[in-house]
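The values are calculated or read from the model by the stated rules, or taken from the named source; none is laboratory data. Computed from a prediction, not measured in an experiment: that's the story for all the values here. We place every Cβ from the backbone using ideal geometry, glycine too, and count neighbours over all the protein chains shown.
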């Protein structure tokens, strides 16, 4: 897999990190977001808090990832990727130690914020590393293959979290997460070299805000970033609300979520694999169009099943598999499209993309949790429908922007 995109497509003079190293560096952040989900109902009982409070363990993780990505990216454009990767992963490890021994829900939440702030460095900067070492035409394919490699971890993380929780309790979940963080930190320290060979001259808070402003004023960037944010929002809404839907409306134990989640992860795996194979050949906009087609198929069937009241475990996860496949098909192209809007500030663009993803995921999850506390499938389906509609509008903005640029 390491040569799948071709060595000739890598930039000269660059130290190209092996995909396995990037996988290990990226792993802590997605592990941290998903591994606790099966244990949330049990954690709520242990701490004697409502589900809306224990949900902060996940939603504040997302918001903190958003905040971290906003600043790691721009700072790495000036000072390099490697120092912030190592520093961020060190913070992740230290915070995870606190979660293992957290005596109260609020200590746990604070430690989760530290985890997210640390792990967000790996999330945003691995994308920037790919942009540093690959030519633009092949960076989307490289990200697709990286997603294929990394999806193997998140696909089984909920299952792992559920199994560990049922056998040893929720504290043991964070012991597992600590091991993942230590491995990621060791990979960054021992094998990851600096890839930002053309740093910008200066960076400060005002400069960061101006950079964000310039990017957000470009409709094509908004289109690519919006595509990612809305698709991520649909995925996060499903991942975090479906345990309650399973328990309250399908009459099943929430632990089955971990086993059925593998089905949706398989969709993402297939989408990412196809993206790795075809992105350079078909182009980014074509891959995004294929992405929306797969998502629309899944959404249509899912909404129909909800409206007619014939939802089951297999139909719920089976239809969401198509939406996840669409996510995998389009995410690498949308990411690279946004970062290539201004390659000089690839880190800032990557951070802004990631922040938008986390913000949308947390926003939609909280809207469903607080406005519809009984986790009814109908508002659940409507929220996912709204997210996919937003992705379609974002794609349209990308197409219109490219046509205007071609006519200029």
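Could we say that residue 21 is assigned to a helix (DSSP H, G or I) and modelled with pLDDT under 90 here? For residue 21, the condition - assigned to a helix (DSSP H, G or I) and modelled with pLDDT under 90 - is met. Taken over the range 284-303, the criterion of being without any contact (Cβ under 8 Å) to a residue 40 or more places away in the chain and either more than 14 Å from residue 328 (Cα to Cα) or in contact with a strand residue (DSSP E or B) (Cβ under 9 Å, 6 or more places away or on another chain) (or both) is satisfied by 297, 300, 301. Residues in the range 176-212 that are within 27 Å of residue 33 (Cβ to Cβ) and not in a helix (DSSP H, G or I): 192, 195, 196.
If you check 175, 189, 182, 164 for being over 22 Å from residue 21 (Cβ atoms) and surrounded by fewer than 17 Cβ atoms within 10 Å (Cβ to Cβ), only one passes: 175. Pairing each residue of the range 39-63 that is free of Cβ contacts under 8 Å to residues at least 12 places away in the same chain with any residue that is buried (at least 17 other Cβ atoms within 10 Å of the Cβ), provided the two are 6+ apart or on different chains, yields C-beta distances under 8 Å for 44/54; 50/44. Beta carbons closer than 8 Å, at least 6 apart along the sequence or on distinct chains, pair a first residue in the range 93-116 that is free of Cβ contacts under 8 Å to residues at least 40 places away in the same chain with a second that is not in a helix (DSSP H, G or I) for 111/102.
Within the range 390-408, identify whether any single residue is assigned to a helix (DSSP H, G or I), more than 22 Å from residue 312 (Cα to Cα), modelled with pLDDT under 90 and under 24 Å from the mean Cα position of the chain (by Cα), and answer yes or no. Checking the range 390-408: not a single residue is assigned to a helix (DSSP H, G or I), more than 22 Å from residue 312 (Cα to Cα), modelled with pLDDT under 90 and under 24 Å from the mean Cα position of the chain (by Cα). Would you call residue 303 closer than 24 Å to residue 396 by Cβ and within 17 Å of the chain's Cα centre (by Cα)? Criteria not met by residue 303.
Look at (1) within 30 Å of residue 285 (Cα to Cα); (2) crowded, with 24+ Cβ neighbours inside 10 Å and you find that residue 138 fails only one, number (2). Taking the numbered list (1) in a helix (DSSP H, G or I); (2) farther than 20 Å from residue 85 by Cα; (3) modelled with pLDDT of 90 or more in turn, residue 103 passes all entries but (1).
For residue 72, the requirement of being touching a strand residue (DSSP E or B) at 6+ places or on another chain (Cβ under 8 Å) and modelled with pLDDT under 95 is not met. The residues on offer are 246, 297, and the sole one that is over 18 Å from the mean Cα position of the chain (by Cα), at pLDDT below 90 and farther than 23 Å from residue 403 by Cβ is 246.
Restricting attention to the range 267-320, the residues that are part of a loop (DSSP other than H, G, I, E, B) and in contact with a helix residue (DSSP H, G or I) (Cβ under 6 Å, 6 or more places away or on another chain) total 1.
Taken over the range 96-132, the residue count meeting the criterion of being buried (at least 20 other Cβ atoms within 10 Å of the Cβ) and more than 17 Å from residue 60 (Cβ to Cβ) is 11. Based on this model, can you work out whether residue 348 counts as under 13 Å from the mean Cα position of the chain (by Cα), buried (at least 24 other Cβ atoms within 10 Å of the Cβ) and part of a helix (DSSP H, G or I)? Against the criterion (under 13 Å from the mean Cα position of the chain (by Cα), buried (at least 24 other Cβ atoms within 10 Å of the Cβ) and part of a helix (DSSP H, G or I)), residue 348 does not qualify. What tally of residues in the range 322-345 results from selecting those that are under 20 Å from residue 382 (Cβ atoms) and surrounded by 24 or more Cβ atoms within 10 Å (Cβ to Cβ)? Going through the range 322-345 one residue at a time, the tally reaches 4.
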